[in-house]
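Each remark here refers to the structure printed beneath this line.
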Amino acid sequence: MSKSVNRVKAAAEAAGLATEILRMPDSTRTAEEAATACGCEVGQIVKSLIFKGAESGELKLLLVSGSNQVDLGKAAALAGEPLERADPKEVREITGFAIGGVAPIGHLLPVASWMDEDLLGYGKIWAAAGAPNAVFETEPDALRDAAGATVAKLS
Ligand code: 5CA
(Lines give C-alpha, C1' and ligand atoms only; values in the text may rest on other atoms or scores of the structure.)
Protein backbone atom coordinates (compact mmCIF):
# COMPACT_ATOMS: atom_id res chain seq x y z
CA MET A 1 0.00 0.00 0.00
CA SER A 2 1.30 3.49 -0.79
CA LYS A 3 2.45 5.90 1.88
CA SER A 4 -0.58 8.10 1.29
CA VAL A 5 -3.01 5.22 1.67
CA ASN A 6 -1.21 4.03 4.79
CA ARG A 7 -1.58 7.51 6.27
CA VAL A 8 -5.35 7.33 5.78
CA LYS A 9 -5.44 3.85 7.29
CA ALA A 10 -3.50 5.07 10.36
CA ALA A 11 -5.74 8.14 10.73
CA ALA A 12 -8.88 6.00 10.45
CA GLU A 13 -7.60 3.61 13.09
CA ALA A 14 -6.56 6.47 15.39
CA ALA A 15 -10.06 7.95 15.07
CA GLY A 16 -11.68 4.60 15.82
CA LEU A 17 -13.26 4.30 12.37
CA ALA A 18 -14.00 0.65 11.75
CA THR A 19 -13.10 0.75 8.12
CA GLU A 20 -11.31 -1.21 5.49
CA ILE A 21 -9.54 0.52 2.64
CA LEU A 22 -10.41 -0.99 -0.71
CA ARG A 23 -8.21 -0.79 -3.79
CA MET A 24 -10.57 -0.81 -6.75
CA PRO A 25 -9.67 -2.31 -10.12
CA ASP A 26 -11.08 0.78 -11.84
CA SER A 27 -10.53 4.49 -11.26
CA THR A 28 -12.32 6.21 -8.39
CA ARG A 29 -10.83 9.59 -9.34
CA THR A 30 -14.17 11.34 -9.71
CA ALA A 31 -17.34 11.04 -7.64
CA GLU A 32 -19.14 9.40 -10.59
CA GLU A 33 -16.38 6.84 -11.10
CA ALA A 34 -16.24 6.15 -7.37
CA ALA A 35 -20.01 5.60 -7.23
CA THR A 36 -19.81 3.11 -10.10
CA ALA A 37 -16.90 1.28 -8.47
CA CYS A 38 -18.60 1.20 -5.06
CA GLY A 39 -22.06 0.37 -6.39
CA CYS A 40 -23.61 3.29 -4.54
CA GLU A 41 -25.38 6.55 -5.35
CA VAL A 42 -23.20 9.50 -6.39
CA GLY A 43 -24.63 11.37 -3.40
CA GLN A 44 -23.02 8.82 -1.07
CA ILE A 45 -19.54 9.73 -2.32
CA VAL A 46 -17.65 12.26 -0.20
CA LYS A 47 -15.77 14.85 -2.26
CA SER A 48 -12.89 16.20 -0.13
CA LEU A 49 -12.34 19.65 -1.61
CA ILE A 50 -9.62 22.06 -0.53
CA PHE A 51 -10.33 25.78 -0.73
CA LYS A 52 -8.22 28.79 0.21
CA GLY A 53 -9.31 31.88 2.13
CA ALA A 54 -8.96 34.85 -0.23
CA GLU A 55 -7.87 37.08 2.67
CA SER A 56 -6.03 34.78 5.08
CA GLY A 57 -4.61 32.33 2.56
CA GLU A 58 -5.60 29.59 5.01
CA LEU A 59 -6.72 26.31 3.51
CA LYS A 60 -10.13 24.87 4.35
CA LEU A 61 -11.62 21.44 3.74
CA LEU A 62 -15.17 21.01 2.51
CA LEU A 63 -16.61 17.48 2.56
CA VAL A 64 -19.31 17.59 -0.06
CA SER A 65 -21.83 15.04 -1.26
CA GLY A 66 -20.90 13.80 -4.73
CA SER A 67 -24.22 15.00 -6.11
CA ASN A 68 -23.83 18.57 -4.81
CA GLN A 69 -21.92 21.60 -6.03
CA VAL A 70 -20.47 23.95 -3.43
CA ASP A 71 -22.32 27.24 -3.03
CA LEU A 72 -19.37 29.61 -2.64
CA GLY A 73 -21.58 32.22 -0.96
CA LYS A 74 -22.58 29.80 1.77
CA ALA A 75 -19.03 28.51 2.13
CA ALA A 76 -17.70 32.08 2.45
CA ALA A 77 -20.22 32.85 5.18
CA LEU A 78 -19.05 29.78 7.12
CA ALA A 79 -15.35 30.52 6.65
CA GLY A 80 -15.74 34.24 7.35
CA GLU A 81 -14.06 35.22 4.09
CA PRO A 82 -14.38 34.50 0.37
CA LEU A 83 -12.97 31.14 -0.68
CA GLU A 84 -11.21 30.19 -3.87
CA ARG A 85 -10.15 26.79 -5.19
CA ALA A 86 -6.71 25.71 -3.97
CA ASP A 87 -4.37 24.66 -6.76
CA PRO A 88 -3.08 21.08 -6.97
CA LYS A 89 0.29 22.03 -5.44
CA GLU A 90 -1.39 23.62 -2.40
CA VAL A 91 -3.67 20.61 -2.07
CA ARG A 92 -0.64 18.33 -2.06
CA GLU A 93 1.20 20.49 0.49
CA ILE A 94 -1.58 20.49 3.05
CA THR A 95 -3.03 17.03 2.54
CA GLY A 96 -0.15 15.04 1.09
CA PHE A 97 -2.59 13.71 -1.50
CA ALA A 98 -2.95 14.30 -5.22
CA ILE A 99 -6.24 15.55 -6.68
CA GLY A 100 -8.55 12.59 -7.24
CA GLY A 101 -7.30 10.78 -4.14
CA VAL A 102 -7.73 13.45 -1.48
CA ALA A 103 -9.05 11.79 1.67
CA PRO A 104 -11.14 13.50 4.34
CA ILE A 105 -8.66 12.44 7.05
CA GLY A 106 -4.93 11.76 7.36
CA HIS A 107 -3.74 15.14 6.10
CA LEU A 108 -0.18 16.35 6.67
CA LEU A 109 -1.42 19.53 8.38
CA PRO A 110 -4.56 20.31 10.36
CA VAL A 111 -7.23 22.09 8.37
CA ALA A 112 -10.57 23.64 9.37
CA SER A 113 -13.34 21.42 8.00
CA TRP A 114 -17.04 21.54 7.17
CA MET A 115 -19.26 18.67 6.13
CA ASP A 116 -22.25 18.83 3.80
CA GLU A 117 -25.42 18.13 5.82
CA ASP A 118 -26.78 16.07 2.91
CA LEU A 119 -24.17 13.40 3.67
CA LEU A 120 -25.90 12.85 7.03
CA GLY A 121 -28.96 11.65 5.12
CA TYR A 122 -27.21 8.42 4.13
CA GLY A 123 -26.56 5.38 6.31
CA LYS A 124 -23.22 4.69 4.62
CA ILE A 125 -20.91 6.92 2.64
CA TRP A 126 -17.68 6.38 0.71
CA ALA A 127 -14.59 8.57 0.65
CA ALA A 128 -11.24 8.61 -1.11
CA ALA A 129 -8.39 6.97 0.77
CA GLY A 130 -5.28 8.73 -0.54
CA ALA A 131 -5.08 7.36 -4.09
CA PRO A 132 -7.26 7.60 -7.21
CA ASN A 133 -8.38 3.98 -6.87
CA ALA A 134 -8.58 3.72 -3.07
CA VAL A 135 -11.79 4.22 -1.09
CA PHE A 136 -13.29 3.41 2.27
CA GLU A 137 -16.83 3.08 3.50
CA THR A 138 -17.95 4.72 6.72
CA GLU A 139 -20.91 6.28 8.49
CA PRO A 140 -21.47 10.02 8.21
CA ASP A 141 -21.43 10.84 11.91
CA ALA A 142 -18.26 8.78 12.42
CA LEU A 143 -16.55 10.61 9.56
CA ARG A 144 -17.73 13.96 10.88
CA ASP A 145 -16.12 13.20 14.25
CA ALA A 146 -12.93 11.79 12.72
CA ALA A 147 -12.50 14.84 10.48
CA GLY A 148 -13.49 17.27 13.23
CA ALA A 149 -15.90 18.78 10.72
CA THR A 150 -18.78 21.14 11.37
CA VAL A 151 -21.97 20.05 9.61
CA ALA A 152 -23.47 22.76 7.43
CA LYS A 153 -25.48 23.43 4.32
CA LEU A 154 -22.81 23.77 1.62
CA SER A 155 -24.82 23.67 -1.59
N1 5CA B 1 -11.77 10.02 -5.47
C2 5CA B 1 -12.88 10.88 -5.80
C3 5CA B 1 -14.14 10.49 -5.09
S4 5CA B 1 -13.98 10.39 -3.38
C5 5CA B 1 -12.48 12.29 -5.54
O6 5CA B 1 -11.41 12.56 -5.03
N7 5CA B 1 -13.39 13.20 -5.90
S8 5CA B 1 -13.20 14.73 -5.56
O9 5CA B 1 -14.34 15.38 -6.12
O10 5CA B 1 -12.99 14.95 -4.18
O11 5CA B 1 -11.88 15.17 -6.25
C12 5CA B 1 -11.86 15.61 -7.53
C13 5CA B 1 -12.06 17.10 -7.38
O14 5CA B 1 -10.82 17.72 -7.47
C15 5CA B 1 -12.92 17.68 -8.47
O16 5CA B 1 -14.26 17.70 -8.07
C17 5CA B 1 -12.41 19.06 -8.56
O18 5CA B 1 -13.19 19.89 -7.76
C19 5CA B 1 -11.03 19.01 -7.94
N20 5CA B 1 -10.04 19.33 -8.96
C21 5CA B 1 -9.87 18.71 -10.14
N22 5CA B 1 -8.88 19.31 -10.83
C23 5CA B 1 -8.42 20.31 -10.07
C24 5CA B 1 -7.41 21.27 -10.21
N25 5CA B 1 -6.66 21.34 -11.30
N26 5CA B 1 -7.20 22.13 -9.20
C27 5CA B 1 -7.93 22.07 -8.08
N28 5CA B 1 -8.91 21.18 -7.90
C29 5CA B 1 -9.15 20.31 -8.88
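How large, in percent, is the carbon and sulfur part of the accessible surface of segment 3-152 at a probe radius of 1.4 Å? List each step's numbers first, then the result.
Values: 3440 of 6870 Å².
Looking at segment 3-152 in its full context, I get 50 percent from C and S.
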Highest-MSF residue in the chain out of V135, V102, V111 [GNM, Cα springs under 10 Å]: V111
Please give the Cα centre distance for segment 1-76 versus segment 83-136, rounded to the nearest Å. 4 Å
Net +/- balance of residues flanking L120 in space, Cβ distance below 9 Å, scoring K and R +1, D and E -1: -3
Whichever lysines have a C-alpha closer than 19 Å to that of K47, once near sequence neighbours (fewer than 8 apart) are set aside: K9, K60, K74, K89, K124, K153
For K153, project a label point 7 Å along Cα to C-beta. Then give me every residue of segment 54-75 with its amide nitrogen under 16 Å of that point. 65, 68-75
Just the accessible area per residue of the chain, please: how many Å² with a 1.4 Å probe? 46 Å²
Expected-Rg normalisation [2.2 N^0.38 Å, Cα atoms] applied to segment 3-152: 0.94
Let me have the relative contact order for segment 3-152, percent, based on Cα pairs under 8 Å that are six or more residues apart. 30 percent
Candidate span helices, the chain: DSSP H, at least 15 Å along axis from Cα coords, Kyte-Doolittle average at least -1.0, result 3-14
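Between D71 and R23, what length comes free when the chain is fully extended (0.36 nm per residue of separation minus the Cα-Cα distance, one decimal in nm)?
Here the answer is 14.1 nm.
The values are calculated or read from the model by the stated rules, or taken from the named source; none is laboratory data. Here the structure is a predicted model, which is why all the values come from computation and not from measurement. Note that each Cβ is placed from the backbone with ideal geometry, even for glycine, and that neighbours are counted across all protein chains shown. Side chains included, ligands, DNA and RNA excluded: accessible areas come from the protein's heavy atoms. Shrake-Rupley method; radii C 1.70, N 1.55, O 1.52, S 1.80 Å.
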